[in-house]
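In what follows, a structure is listed as structure tokens, so that the remarks can point back to it.
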Amino acid sequence: MILNGIDTVMEAAHLFKGKKLGLITSPTGLNKDFVSTIQILHENFHLAALFSPEHGVRGDQAAGAMVETYTDPITKVPVYSLYRKNSKRLSQEMLDEVDVVVYDIQDVGTRYYTFIYTMLYAIEDCAKAGKEFVILDRINPLDGVTVEGNILKPGYESFVGNYPLAVRYGLTAGEVAMMANEQQGWNAKLHVIRCQSWDRQMLFSETGCHWIMPSLGIPRFETALIYPGTCLFEGTNMSEGRGTTAPFELIGAPFIDAEKLAAEMNSLKLPGVVFRPVYFKPSFSKFEGEQCGGVQIHIVDYRAVQPLETGVQLLFTVKRNYEEFSFLPPLKGNSRPFIDLLGGDKIYREENLHVPALLEQFREKSRGFAKLKTEYHLY
């Protein structure tokens, strides 16, 4: 049986006894019996504070919604926001409430996903304050081997990419933490409670574990698997399927000819996927209530699919064939378009971009990162 860090937490009780704990968690913070990490720490130790990432500690906040400080209605423990309008970091006032900060959130192994930066910010803040940081590690659902994509460039840091990772990085949260702590010279008092019985070659579908939605935008494992490619559409004027029951699997817009796009994409014979023409009306987000044509990406081979390359091929097929397509302008308060922040580079907006050359460049960067990351493997 595969165990995540929370499943063996009592074996590491010496890290927690007699100390005031602050917990960064989300609805994925559960043990194998579906008992929440909040409850486990509250009942066995002194849980002094909860720290809320995007979506809230109990998943009651929408994507992008600012989270305010409040009291958890179940444990009566104060909840401090790490997703505030003016900051996404632990303040000194928050750190004064605790001796140890604990992190337990399921990652999806993709650079754009914000929880990993909540963790890294918190480690840096704890290092500066001399506080211990404990990660209850969890398996990487996209396996711990496969690497895809370019490396985030300096100057393109944001909350969807704030560390030089590949897009699909093949590390657990604990391994990312160890890498960043060493490479950034934080020297945090870092402890990783490891997973047990996980083979890093495993995809989530091979583990026998139960899928708990990391957020409402990632409802299924298949969503997480295609997400490294289709999240790029968040930086465009096309719907990435938010507001439907298949976010990041449905891609479209009112100006798309569904049958034509599906036929063109299937003609590329991309590994592990089939494109089906679809029509949908998002209930919120882009094109709310409007009929969109597009495609649903069906993964027919989990091992063969190359999600980032699939997303890039789809994006540039649309860009080439539809003059209505555009990249979104910079968000308020940012100087760079969102596609640059997602891409960790301005390369997607370059004129006369040659897609095969771009993908080969990505493969080269991936090979370099794959070699580097082995120094931090715990499994």
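The values are calculated or read from the model by the stated rules, or taken from the named source; none is laboratory data. Please read these numbers as outputs of a predicted model, since none were measured by experiment. All Cβ positions, glycine included, derive from the backbone under ideal geometry; neighbour counts span all protein chains shown. These accessible areas exclude ligands, DNA and RNA; they are computed on the full protein's heavy atoms, side chains included. Shrake-Rupley method; radii C 1.70, N 1.55, O 1.52, S 1.80 Å.
Couple of notes before you dig in:
- The residue that is farthest from L95 (Cα to Cα), among those in the range 28-41 that are out of contact with any helix residue (DSSP H, G or I) (no Cβ under 9 Å at 6 or more places or on another chain) and open to solvent by 50 Å² or more (accessible area, probe 1.4 Å), is F34.
- Taken over the range 195-221, the criterion of being part of a helix (DSSP H, G or I) and in contact with a helix residue (DSSP H, G or I) (Cβ under 7 Å, 6 or more places away or on another chain) is satisfied by F204, S205, F221.
- Those residues of the range 291-300 which are more than 15 Å from A224 (Cα to Cα), open to solvent by less than 90 Å² (accessible area, probe 1.4 Å) and of a type outside the set (A, V, I, L, M), in sequence order: C292, G293, G294
- Looking only at residues in the range 81-96 that are under 11 Å from G22 (Cα atoms) and out of contact with any Asp or Glu (no Cβ under 8 Å at 6 or more places or on another chain), the one that is most open to solvent (accessible area, probe 1.4 Å) is D96.
- Taken over the range 301-337, the criterion of being open to solvent by less than 60 Å² (accessible area, probe 1.4 Å) and small (G, A, S) is satisfied by A304, G311, S326.
- Residue in the range 97-112 that is out of contact with any helix residue (DSSP H, G or I) (no Cβ under 6 Å at 6 or more places or on another chain) and open to solvent by 50 Å² or more (accessible area, probe 1.4 Å) present: yes
- Filter pass, E148 being in contact with a Lys or Arg (Cβ under 6 Å, 6 or more places away or on another chain) and at pLDDT 95 or above: yes
- Residues (among the charged types (D, E, K, R) and open to solvent by 10 Å² or more (accessible area, probe 1.4 Å)) located in the range 241-273: R242, D257, E259, K260, E264, K269
- From the list Y117, Y80, Y112, the lone residue that is of a type in the set (S, T, Y) and either within 21 Å of S36 (Cβ to Cβ) or without any contact (Cβ under 8 Å) to a residue 40 or more places away in the chain (or both) is Y80.
- Hey, A129 modelled with pLDDT of 95 or more, open to solvent by 20 Å² or more (accessible area, probe 1.4 Å) and within 23 Å of A12 (Cβ to Cβ) or not: yes
- Residue check, D72 open to solvent by less than 40 Å² (accessible area, probe 1.4 Å) and modelled with pLDDT of 95 or more: no
- The condition of being open to solvent by 50 Å² or more (accessible area, probe 1.4 Å), among the hydroxyl-bearing types (S, T, Y) and under 23 Å from I139 (Cα atoms) holds for only one of S197, S215, that being S197.
- Residues within the range 222-253 that are farther than 21 Å from L331 by Cβ and either of a type in the set (D, E, K, R) or in a loop (DSSP other than H, G, I, E, B) (or both), tallied: 5
- Residue match in the range 50-65 (condition: surrounded by 15 or more Cβ atoms within 10 Å (Cβ to Cβ) and more than 18 Å from M119 (Cα to Cα)): yes
- Residues of the range 361-374 that turn out to be open to solvent by 80 Å² or more (accessible area, probe 1.4 Å) and either of a type in the set (S, T, Y) or free of Cβ contacts under 8 Å to residues at least 24 places away in the same chain (or both), as a count: 3
- Those residues of the range 303-360 which are β-branched (V, I, T) and within 21 Å of the chain's Cα centre (by Cα), in sequence order: V305, T310, V312, I339
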